[in-house]
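Okay, so here's the structure we're looking at.
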Amino acid sequence: MLVESRAREAGPRVERVEQGGQVFWIKRPEKLDLRFRLQKGNPERAFMRERQAYHEMNAVQAPVPQVVADGPDFLVLPDCGKDLRHRMAWEEGDGHRRDLLLNASQSLGAFHTLGFAHGRPSPKDMCLVEDKVLLLDFERYQIKNNTPKGQARDLVIFAFNVAANSAQMRPALGEAMAAYRNAAPSGIWCMSQELCRRLKWVDWLTKPIQMRPGNRSREIKAIPFVMDLFLADA
């Protein structure tokens, strides 16, 4: 009740609150000026989408955090610890990091089996809670994307985010995709392959940037790896 009372007050978009030995996070709609509204969209609608997503997903026990309290302009979630991108970068043990990635892939597959699509799944939007990976951040959630097509797009985006931002995990991505396929609806993998086939022109177009030396443009340089990951057995 004390955390909910604080959530109803004015505060930052994301606020950490500790109460009774537990940590909670309060999320409020982002405040944007006109320029950023034009770039990022309506923040109130994004907040409403995320709030709706948590209610729908909690109702079927999807692998997401359980809402502690919420209202038209606030959402209270339990602390879920360090996100997986951080953990895969800093925790010791290649085997442990591999297990985190496989766990994340299985959770995404289970999430899709329940009929949902995340919109932009990434290790930075996933946390390990009691040996189970939970998905976070649903500001891009839209009911119309809860389709096999939306789930196939999710899978490609997830693999791309791992390849681009957690490059040390690339050797385990093939195994992670197999773990996803074992947990996900049938047909999603084939649809993901078809999506990559249609996007192959992006790989060709960005070749000059991919060949630049150094660590810049890591997103661009991840494109051929992701294409090979999905199309190797196509």
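Residues that are of a type in the set (Phe, Trp, Tyr): which strands (runs of 3 or more DSSP E) entirely in region 48-161 hold 1 or more of them? Walk me through it before giving the result.
Details: elements: 69-71, 74-78, 126-129, 132-135.
Answer list for region 48-161: 74-78.
Kindly provide the set of residues from region 183-211 that are in a loop (DSSP other than H, G, I, E, B), of a type outside the set (Gly, Ala, Ser) and exposed (fewer than 11 other Cβ atoms within 10 Å of the Cβ), ordered by number.
First pass over region 183-211, keeping only residues in a loop (DSSP other than H, G, I, E, B): 184-187, 199, 206, 211.
Going one step further and asking which of them are of a type outside the set (Gly, Ala, Ser), we end up with 185, 199, 206, 211.
Of everything in region 183-211, just one residue is in a loop (DSSP other than H, G, I, E, B), of a type outside the set (Gly, Ala, Ser) and exposed (fewer than 11 other Cβ atoms within 10 Å of the Cβ), namely Met211.
Are any residues in region 183-207 under 21 Å from Gly115 (Cβ atoms) and either of a type in the set (Phe, Trp, Tyr) or touching a helix residue (DSSP H, G or I) at 6+ places or on another chain (Cβ under 7 Å) (or both), and if so, which ones?
Quick first cut of region 183-207, residues under 21 Å from Gly115 (Cβ atoms) only: 183-192, 194-195.
Those that are under 21 Å from Gly115 (Cβ atoms) and either of a type in the set (Phe, Trp, Tyr) or touching a helix residue (DSSP H, G or I) at 6+ places or on another chain (Cβ under 7 Å) (or both): Ala183, Ala184, Pro185, Gly187, Ile188, Trp189, Met191, Ser192, Leu195.
Run Gly214 past the list (1) in a helix (DSSP H, G or I); (2) closer than 17 Å to Ala164 by Cα; (3) more than 23 Å from the chain's Cα centre (by Cα) and report the number of the one that doesn't hold. Failing condition for Gly214: (1). Among the residues of region 186-234, the one identified as at pLDDT below 95, of a type in the set (Ser, Thr, Tyr) and under 25 Å from Ala110 (Cβ atoms) is Ser186.
Among the residues making up region 1-29, those that are of a type in the set (Val, Ile, Thr) and either within 19 Å of Phe138 (Cβ to Cβ) or open to solvent by 70 Å² or more (accessible area, probe 1.4 Å) (or both) are Val14, Ile26. Only a single item in (1) among the small types (Gly, Ala, Ser); (2) open to solvent by less than 10 Å² (accessible area, probe 1.4 Å); (3) in contact with a Gly (Cβ under 8 Å, 6 or more places away or on another chain) is not met by Ala164, and it is number (3).
For region 87-112, which residues satisfy the criterion of being open to solvent by 30 Å² or more (accessible area, probe 1.4 Å) and in contact (Cβ under 8 Å) with a residue 12 or more places away in the chain?
As a first pass, look at region 87-112 and keep what is open to solvent by 30 Å² or more (accessible area, probe 1.4 Å): 87, 89-99, 103, 106, 110.
Residues satisfying the conditions are Arg87, Ala89, Arg97, Arg98, Asn103, Gln106, Ala110.
Quick one: in region 129-153, which of the residues that are under 15 Å from Gln66 (Cα atoms) and of a type outside the set (Lys, Arg) is most open to solvent (accessible area, probe 1.4 Å)? Top of the filtered list is Glu130. Residue selection: Ala117 fails the criterion of being over 15 Å from the mean Cα position of the chain (by Cα), buried (at least 21 other Cβ atoms within 10 Å of the Cβ) and not polar (S, T, N, Q). The residues listed here are Met177, Met126; of these, the one that is modelled with pLDDT of 95 or more, more than 25 Å from Arg197 (Cβ to Cβ) and open to solvent by less than 70 Å² (accessible area, probe 1.4 Å) is Met126.
Going residue by residue through region 134-157, is there one that turns out to be on the phi > 0 side of the Ramachandran plot and at pLDDT 95 or above? No.
The values are calculated or read from the model by the stated rules, or taken from the named source; none is laboratory data. As the structure is a computational prediction, the values presented were derived from the model and not from experiment. Note that we place each Cβ from the backbone using ideal geometry, even for glycine, and neighbour counts take in every protein chain shown. Surface accessibility is based on the protein's heavy atoms, side chains included, excluding ligands, DNA and RNA. Shrake-Rupley method; radii C 1.70, N 1.55, O 1.52, S 1.80 Å.
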